[in-house]
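Below you'll find the structure, written out as structure tokens, and then a few comments.
The values are calculated or read from the model by the stated rules, or taken from the named source; none is laboratory data. In this text, all values refer to a predicted model and were calculated from it rather than measured experimentally. Neighbour counts run over all protein chains shown; Cβ positions are idealised from the backbone, glycine included. Each accessible area value is taken on the protein alone, full model and side chains, heavy atoms only, with ligands, DNA and RNA left out. Shrake-Rupley method; radii C 1.70, N 1.55, O 1.52, S 1.80 Å.
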Amino acid sequence: MLHTFIALVQDRPGVLTRVASLFRRLNINIVSLTVGESERAETSRMTIVCDAHENAADRIRASLYKLETTISVDEVNRTDAVVRELCLIKVAAGPSHPHGLHSRSQIFELSQVFRARVVDLAPESIMLEMTGSASKIEGLLQVLRESGYTILEVSRTGRMAMRRGHHTSRVLEALGTRQSLDLQEFPTQDPDALPSDEILPGAFEE
Amino acid sequence: MADSITPNPTLTGAEILLATLAGEGVTTVFGYPGGAILPVYDVLRKFPNLHHVLVRHEQSAAHMADGYARATGRVGVCMATSGPGATNLVTGLATAMIDSIPIVAITGQVSSKVLGTDAFQEIDITGITLPITKHNFLVTRAEEIAPVLREAFQIARSGRPGPVLVDITKDAQQAAAAFDFEAAKPRPYRPHPMLRAESSSMQEAVTLIRQAKRPIILAGHGVVESGAERQVLALAEAHRIPIASTLLGLDAVPAEHPLCLGMMGMHGESWVNNAIQQADLLLAFGMRFDDRVTGNLTKYSPNSKKIHVEIDPSEINKNVRVDVALIGDLKEVLSLLMPLLETHPRPLESHGSEWLKQINAGKGNASVRDIINLPDNGHLYAAHVINDIWHEAAAAGRLEQTIIVTDVGQHQMWEAQYFKHHAPRSLITSGGLGTMGFALPAAIGAKVACPEKDVWVIAGDGGFQMTAAELSTIVQEGLAINIAVINNGFLGMVRQWQETIYEKNYASSPILSPNFVLLAAAHGIAGATVKQRADVIPNARLARTSGKPFLIEFQVEKEDGVYPMITPGSALHEMLRRPQHDPLIELPEEP
């Protein structure tokens, strides 16, 4: 099954290699990985989607924590997080296209239904930009193909995720408040580091 | 330089490097010079408290730092130049990584201006060592050297220890920067958010221990790393729980202790493995359920509950599913657990007399076929050699002052079976990686760290030849190391697998060796050849008391095997025993 991890990591050369290398060592395929700046200075935020056994999550998270460049790791699923992906699609459309001059207007209509935007118009192609869940993006691509359009290029960012609400976000809680910063200075223990219902021994691949 | 009166003196990067090492309490560096690290060697003389041991191969430098760390618990330090010097460290770093040994490796790197241009002796060593170090750094500026090195030491020794590599460009070594040791102090080590021994889990553990009728403690390397030897023994004694050890946990508890069973796993004694299979509770302390200790996982200790106390959360449920996980430093967890157990002690009737009797009954059966109890039949067995070295040390009252450093193979398993360890850190061996050639250099590290102790190398004829060049290092450093080469003319463990699994197809396992005593003599090291059992103890005593390095070549039975043996895929109780009609152990014929 697909697991989605949010990792805050140090923004330094080589950190991405460490994360990628970890998944390689565990023989787990990364489905998508997005990296960008976060709300904290010198800290990158990664959203990693990987395909692994449903009970592998604890071990992946524990292994991510073992990287010295990792600040925090959170695993999210669809119900408690907003998950989005950005996609750019270049479609062949123009006078020489089989649909002829109608092709452009048909694509405009389709993009409206899927809430995609036209971001570039060239004599023989149209570029669409779309943000949404992965399934929605796949839906648009499928409709375009089945309508006989030639998709020239697709560029997808891979998933980005963020927990819903403020209080449920352990990431914000851990990093944004004065209290938790103090905790970092004096490492005693963080009783809320993991939700109480997560009992490690419960998860194991039989 | 480190004691300079100027508060923030301006030093070169090379001087900062050595001053930081001195500040971290380092007294010995194992290394080999070369172009990209020469600025450091150029200023070595300014730091008279730092002793540099010149090795003969950088792999040995890493093993020496490793042996130093295993013997003391302190961070070992090794140093090499860029390119081949750095890549030669790789096997040593991997050995330390998989056995959780704290070492800091320093490598020179080409100047930052030519990084990435395939300059002479340039290699991406931080890339190469990524999976075999706990962490690594590339330093390109002199200002970064002190803070990065201090962080490297902290990472190496914190949490689950491990090797850290610091790659420093030549221009960073040559540039000048202000040095302030205190200001370079790293932030406190980040607490692992998954470290937790919750009260609910604690309570569960207490309940499981109270209810257990056939509990057993599995003592791993973490017992020694955590310094929890006394706590483990106290727990075992208070609740009458027998202790089985992993290879690296063998020296965690005294072998003569009545609750100490010995080594578990592939070559563990039958009563140990049978006890694990029959147990109703496993208390796994600082061990990681390696395949060499579990055998076939689907049949591993099928009827037991399992409590895992471990500092690395990624080890939980990795190989064996456990019922209770207490994640944290073993000593701390036990100090929380013990008071809880005292207020809820195990019922007296379950104080294990039946269980211990059952385990001990197995000992009698196994020892019938035990090679140690066979009378001298004129053949020399490696098991006898190792057992007699132990007898000699024990008779001299030197057991607590003896460190055995083994190589990898049959002799390593015989050592584990027949040398009865008495003190923590008295056995140094490559467990996880199984690195042949480890013994001689690791023993040098141990002897440098503990000059007052008797350090024995026990190596096979194969592994010894891998790093035999370090004999020169022993002489150059004037180290009184005792070397036992167990020579059976074969790569013995390979031969045993070929005998057992590959229908005696002895492909490339017979190995020719030099005359080891002459080889030692060429280095100026005294030696002796032993072919009779009666000569073992006198020569061991001679070696131990000579005050100089001494090599003994023991010419032992060529086709002896290590038993019991659990073949790959078999369960712990499905072991191969020593053949009852083994031609090797037939008694001498009556005249």
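Ligands, DNA and RNA left out, the 1.4 Å accessible surface of segment A:2-76 is 43% carbon and sulfur atoms.
Our compactness index for segment A:2-76, the C-alpha radius of gyration over the empirical 2.2 N^0.38 Å, is 1.00. Close amide-amide hydrogen proximity is noted between A:L128 and A:I89, A:K90, A:V91, A:V119, each under 5 Å apart and 5 or more residues distant or on a separate chain (H modeled in the peptide plane; Pro and chain starts excluded). Looking at chain B, which longest stretch skips every one of the GluC sites (Glu not before Pro) that is in a DSSP loop with at most 12 other Cβ atoms within 10 Å, leaving the sites themselves out? After excluding every exposed loop site, the longest remaining stretch is B:257-451.
Along segment B:550-567 the Karplus relation, 6.51 cos²θ - 1.76 cosθ + 1.60 evaluated at θ = phi - 60°, assigns HN-Hα couplings of 8, 10, 10, 9, 9, 8, 10, 3, 6, 10, 7, x, 8, 10, x, 9, 9, 6 Hz to successive residues, with x for each Gly and Pro. Rounded to two decimals, the Cα radius of gyration of chain B over 2.2 N^0.38 Å is 1.00. Carbon-plus-sulfur fraction of the accessible area of segment B:119-260, 1.4 Å probe, in percent? Using a 1.4 Å probe with all protein chains present, segment B:119-260 comes out at 54 percent carbon and sulfur.
Computed from backbone phi with θ = phi - 60° and the Karplus coefficients 6.51, -1.76 and 1.60, the 3J(HN,Hα) list for segment B:515-523 is 6, 4, 5, 5, 4, 4, 4, 4, 8 Hz; x is used for glycine and proline.
Return the loop-located trypsin sites (Lys or Arg not before Pro) in segment A:32-97 (DSSP other than H, G, I, E, B) with at most 15 other Cβ atoms within 10 Å of their own Cβ; answer none if there are none.
Of the trypsin sites (Lys or Arg not before Pro), the ones in loops of segment A:32-97 whose Cβ has at most 15 other Cβ atoms within 10 Å are A:R40.
Dividing the convex hull volume of the alpha-carbon atoms in the protein assembly as shown by its residue count gives 207 Å³ per residue. Database remark: amide H of B:H421 closer than 5 angstrom to the amide H of B:A255 (H placed geometrically; neighbours at sequence offset of 5 or more, or on other chains; Pro and chain starts carry no H). With a Förster radius of 35 Å applied to the C-beta separation of A:A20 and A:L152, the computed FRET efficiency comes to 0.75. Output the 0 to 90 degree angle, nearest 10, between the alpha-carbon long axis of helix B:330-343 and the longest principal axis computed from the alpha carbons of chain B. Once rounded, one gets 40 degrees. For segment A:67-99, heavy-atom accessible area (probe 1.4 Å) falls by no less than 50 Å² from the chain alone to the full protein assembly at A:E68.
Each principal axis of the Cα cloud of segment B:10-178 was taken in turn, and the coordinate range along them, longest first, works out to 37, 33, 30 Å. Listed by chain and number, the aspartates and glutamates whose alpha-carbon sits under 17 Å from that of A:K90, ignoring those within fewer than 8 places in the same chain, are A:E109, A:D120, A:E124, A:E129, A:E138, A:E146, A:E153.
Among the listed pairs B:K363/B:K420; B:K213/B:K305; B:K134/B:K453; B:K305/B:K331; B:K363/B:K504; B:K305/B:K420, which have their C-alpha atoms separated by more than 19 angstrom in this model?
B:K134/B:K453; B:K305/B:K331; B:K363/B:K504; B:K305/B:K420
For segment B:199-365, the C-alpha radius of gyration divided by 2.2 N^0.38 Å, with N the number of residues, is 0.92.
Once the Cα atoms are used to define both axes, helix B:13-23 deviates from the longest principal axis of chain B by about 40 degrees. Here, P(r) means the percent of Cα pairs in each 10 Å bin from 0 to the largest distance; for segment B:454-591 it is 11, 34, 29, 20, 6, 0. Surface composition of segment B:370-562: carbon plus sulfur atoms contribute 53% of the solvent-accessible area (1.4 Å probe, protein chains only, all chains present).
For segment B:3-121, a crude dipole built from +1 on the beta carbon of Lys and Arg and -1 on the beta carbon of Asp and Glu, taken about the Cα centre, is about 120 debye to the nearest 20. Annotation: aspartates and glutamates with alpha-carbon distance below 19 angstrom to B:K46 (same-chain offsets under eight excluded): B:D3, B:E15, B:E24, B:D180. Note on segment A:1-148: Kirkwood radius taken over Cα pairs, Stokes-Einstein applied at 10 °C and 1.306 mPa s, translational D equal to 90 µm² s⁻¹. Karplus-derived 3J(HN,Hα) values for segment B:431-443, using 6.51 cos²θ - 1.76 cosθ + 1.60 with θ = phi - 60°, are x, x, 8, x, 8, 5, x, 6, 4, 4, x, 4, 5 Hz; glycine and proline are entered as x. Accessible area buried by the pairing of B and A, both sides summed with a 1.4 Å probe, works out to roughly 2600 Å².
For A:V31, the residues whose modelled amide H falls within less than 5 Å of its own, excluding neighbours fewer than 5 places apart on the same chain, are A:V49, A:C50, A:D51. So with the 1.4 Å probe, I'd like the accessible area per residue for the protein assembly as shown, rounded to whole Å². That works out to 42 Å² per residue. Label-to-label distance for B:L297 and A:H53 is 0.6 nm, based on points extended 7 Å past Cα in the beta-carbon direction.
What does the structure give for B:305-313 when I average, per residue, the other chain Cβ atoms found within 10 Å of the residue Cβ?
2
Helix B:58-72 and the longest principal axis of the Cα set of chain B meet at an angle near 60°.
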